[in-house]
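Notes to accompany the following structure.
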Amino acid sequence: MSFKAPESLAEQIAQHLGQLIVNGELNSGDRIQELRVASELNVSRGSVREAYLILERRYLINIVPRKGAVVSAMTPKHVRDVYEMNILLIGQLCRRATLVWKEGELQPFLELLKLMESYAAENRVMDFYEATFEFARMAYRFVDNPYLEDMLEDLQPAVRRTYYFAINLSQEERERSMVFFRELMASIMQRDAEGAVAKLEQFANHQCQTVLARLDPAPVRTSTQSPKAASERA
């Protein structure tokens with residue numbers, strides 16, 4: 001593989017490595033060797049180092065002195081922290097979009113919802129997974145807040161990592177995700193902002209529990225507890 005766009009080379013490298021982390025080809029604790037990456041992608045080591053800084057900002061790696069880039073651990077605390085922040089940020093996005101949309105602006109969301117239904121029915125896991133994140137990105141314009149958008153984009157890779165960990169488990173989890181998006185869309189169309197946020201929190205808490213259960217088969221707290229509450233207990 002070779003990347004040819006120098007103006008965004010570090011970002012391309014970061015996206016490539018990030019995807020390997022998200023889908024589990026690179027696991028917690030794995031060292032990502034700078035020289036090997038540069039050689040495999042036919043890029044400079046300086047570009048790889050820039051990519052590492054991007055990945056560190058996105059919580060996918062840690063840069064360790066004398067060791068280099070290491071894939072960050074997905075510990076229970078990490079999972080709870082990611083979901084806690086994502087609920088706060090996506091909740092704000094959801095609340096704003098519910099209150100300000102105008103006639104005709106929800107049609108793209110309805111079309112995407114139909115596409116997601118077909119992906120779920122056909123068990124097209126990666127297509128479904130990508131569509132769920134596109135759903136959130138389409139809502140950015142309703143908020144018109146570059147700071148919120150930047151925070152969501154920086155957090156998104158860590159969210160993708162945990163979310164893929166959950167929905168890749170079974171068809172049942174993907175069907176549950178589909179039910180959530182249908183109910184969320186219904187609340188948005190009714191301009192029920194608090195109802196939409198409540199559904200978001202309920203779904204996110206379930207996702208958090210699913211990931212925690214897979215990380216540690218021992219019994220974990222019930223899904224009625226928030227990630228924040230569990231983090232305070234840990």
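The values are calculated or read from the model by the stated rules, or taken from the named source; none is laboratory data. In this text, all values refer to a predicted model and were calculated from it rather than measured experimentally. All Cβ positions, glycine included, derive from the backbone under ideal geometry; neighbour counts span all protein chains shown. Keep in mind that these areas ignore ligands, DNA and RNA; they rest on the heavy atoms of the full protein, side chains included. Shrake-Rupley method; radii C 1.70, N 1.55, O 1.52, S 1.80 Å.
Structure notes:
- Where only C-alpha atoms are counted, convex hull volume of the stretch 62-198 per residue in Å³: 120 Å³
- Solvent exposure of Tyr59, expressed as accessible area, is near 120 Å², computed with a probe of 1.4 Å over the protein chains only.
- Rg and Dmax [Cα atoms of the stretch 130-179; Å; Rg one decimal, Dmax integer]: 12.6, 36
- Degrees separating the helix 193-215 axis from the principal Cα axis of the chain, which is the longest one: 40 degrees
- Normalised per residue, the accessible area of the chain is 53 Å², obtained with a 1.4 Å probe and no contribution from ligands, DNA or RNA.
- Helical contribution to [θ] at 222 nm, DSSP H n ≥ 4, -39,500 (n - 2.57), averaged over the chain, rounded to 500: -23000 deg cm²/dmol
- For the stretch 38-63 versus the stretch 105-174, the gap between their alpha-carbon centres in whole angstrom: 25 Å
- Rounded percent of accessible protein surface that carbon and sulfur make up, the stretch 1-114, 1.4 Å probe: 52 percent
- For the stretch 80-198, averaging the sequence separation of C-alpha pairs within contact (under 8 Å, six or more residues apart) and dividing by the residue count gives a relative contact order of 44 percent.
- Of every Cα-Cα pair in the chain, the percent that sits beyond 34 Å: 19 percent
- Relative contact order, percent, the chain [alpha-carbon distance under 8 Å, six or more residues apart]: 24 percent
- The packing ranking, built from the mean of other Cβ atoms within 10 Å per residue, places the peptides 86-92, 133-139, 46-52 in the order 46-52, 86-92, 133-139, highest first.
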